[in-house]
Amino acid sequence: MKALIIGGAGFVGGYLINELSENGFEVHATCLESENITEKCTAHILDIMYKENIVDIFDKISPDVIYHLAAQSSVTVSWSKPQLTAEVNVIGSINVLEALRECRNGRNMRLIMIGSGEEYGYIRPEACPLSETEPLHPGNIYAATKACQEMIGEIYARAYKLDIVMVRAFNHSGAKQSSTFVISDFCKQISEIEADRKSPEICVGNLSAMRDFTDVRDVVRAYRLLAEDGISGRIYNIGRGKAVSIQYILDTALSFADADIQVKTDPKRMRASDIPIIEPDVSRIFADTGWKAEISVEQTIKDTLDYWREENKKCQI
């Protein structure tokens, strides 16, 4: 099977390239001209803001499955750069859908559109765990753009009978993730303190929020299984199915630390709007593909901390 990953230079893209390659896929991946893809695959330069270039890639490769990973994926950044977030996540996705529609082989390609658990937004406390039929009430700019992407994807799937599978991926973490995300942020700060590159204080935001965290290696396995066994037109939650507090994430990370660290609340890390709990019902993806999360949150935190420790060693050389 031939796969094309749009946005292959990102955090998830590298893991997905490896997952697909190890399971017999011929893998192609795109990146911006300013980016590099280090994993083994056939790389292509692509900016999704130019539809004609997407059509050319689709025609050239004629993949069996397309993973649309290209996105501005930080909630924090979406508050400071809402226009950029909307342009990339909505207009860029429309360009991908239009290219799929126009491509002569479009009806033979499966598109996996990656959305977010953030789309559920302001939810009723009794609604957790959230099923895919729960109404969406996005609570931040990023979530709103992903909900819009999904709705447009559904319209294209129905109107043009395209093979599209939509995903609402909940928080996923692991080594190499940007420190704009909470697990990586905590682990990076701890590693810098251990290396005497930072004062022994870890800065935090809201610790009471509860989120579902899944290891990125489990997530990309789910993406592969959806390419193989997912049902066209369906929306799938991807997550552990069990939310934990940010306080638990912090406490676990600190338990692995080789230093005495004080915790300091930083008002700049508090979001303009934060939803108390987001937890998915993942029974649908399990029923259709047999997937479930296997790597523990604790292992993810340990592996992420070890990654940042190695990065700090490089800085000392």
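Out of Thr133, Cys103, Val88, whose Cα points farthest toward the positive end of the dipole of the range 35-146 (charges: +1 Lys, Arg; -1 Asp, Glu; placed on Cβ)? The one lying farthest along the dipole's positive direction is Cys103. Within the chain, the longest run free of exposed loop sites, counting GluC sites (Glu not before Pro) that sit outside DSSP helix and strand states (H, G, I, E, B) and have at most 12 other Cβ atoms within 10 Å, spans 34-293.
Here the relative contact order of the chain, from alpha carbon pairs under 8 Å that lie six or more residues apart, stands at 18 percent.
Applying a DSSP loop filter and a limit of 11 other Cβ atoms within 10 Å to the trypsin sites (Lys or Arg not before Pro) in the range 61-144 leaves Arg104.
Simple rule: put +1 on each Lys or Arg Cβ and -1 on each Asp or Glu Cβ in the range 138-221, find the dipole, and look at Ser179, Met166, Val219; the Cα lying farthest toward the positive end is Met166.
In µm²/s, what is D for the range 1-105 at 20 °C and 1.002 mPa s, where D = kT/(6 pi eta Rh) by Stokes-Einstein and Rh is the Kirkwood radius from Cα pairs? Taking Rh from Cα pairs, D becomes 153 µm²/s. Qualifying chymotrypsin sites (Phe, Trp or Tyr not before Pro) in the range 30-137, where qualification requires a DSSP coil assignment and no more than 14 other C-beta atoms within 10 Å, comprise Tyr50, Tyr122. Which shape class applies to the range 172-223: rounded if a/c is under 1.5, otherwise prolate when a/b exceeds b/c and oblate if not, where a ≥ b ≥ c are the square roots of the Cα gyration tensor eigenvalues? In terms of gyration-tensor shape, oblate. Surface composition of the range 117-186: carbon and sulfur make up 60 percent of the accessible area, probe 1.4 Å. Between the alpha-carbon centres of the range 45-93 and the range 1-40 there is a gap of 14 Å. Checked against a 21 Å cut-off, the cross-linked pairs Lys2/Lys146; Lys81/Lys146; Lys188/Lys313; Lys146/Lys264; Lys176/Lys264 give Cα-Cα distances beyond that limit for Lys2/Lys146; Lys146/Lys264; Lys176/Lys264. Rg over Rh for the range 167-287 works out to 1.04, both radii taken from alpha-carbon positions and Rh defined as the Kirkwood radius. When the Gaussian network model of the chain links Cα atoms closer than 10 Å, the mean-square fluctuations of Ser34, Ser232, Ser208 top out at Ser34. Estimated from helices alone, the mean residue ellipticity of the chain at 222 nm is -12500 deg cm²/dmol (sum of -39500 (n - 2.57) over DSSP H runs with n ≥ 4, per residue). The value of relative contact order for the range 1-73, using C-alpha pairs under 8 Å at least six residues apart, is 41 percent. Computed from point charges on the beta carbon alone (+1 for Lys and Arg, -1 for Asp and Glu), the dipole magnitude for the chain about its Cα centre is near 380 Debye. Hydrodynamic radius of the chain by the Kirkwood approach over all distinct alpha-carbon pairs: 20.1 Å. Projecting the Cα positions of Ile295, Ile285, Tyr15 onto the charge dipole of the chain (unit charges on Cβ atoms of Lys, Arg, Asp and Glu, taken about the Cα centre) puts Ile285 furthest along the positive direction. Taking every alpha-carbon pair in the range 56-204 and binning the separations at 5 Å intervals from zero gives 2, 9, 16, 16, 16, 14, 11, 7, 4, 3, 1, 0 percent. DSSP finds beta bridges in the chain, and of those with both partners inside it, around 10 percent are antiparallel. Subtracting the Cα-Cα distance of Thr38 and Ser74 from 0.36 nm times their residue separation leaves 10.7 nm of extension gain.
The values are calculated or read from the model by the stated rules, or taken from the named source; none is laboratory data. Quantities reported herein were computed from a predicted structural model and do not represent experimental measurements. In this analysis, Cβ positions are derived from the backbone assuming ideal geometry, glycine residues included, and neighbour counts consider all displayed protein chains. Keep in mind that these areas ignore ligands, DNA and RNA; they rest on the heavy atoms of the full protein, side chains included. Shrake-Rupley method; radii C 1.70, N 1.55, O 1.52, S 1.80 Å.
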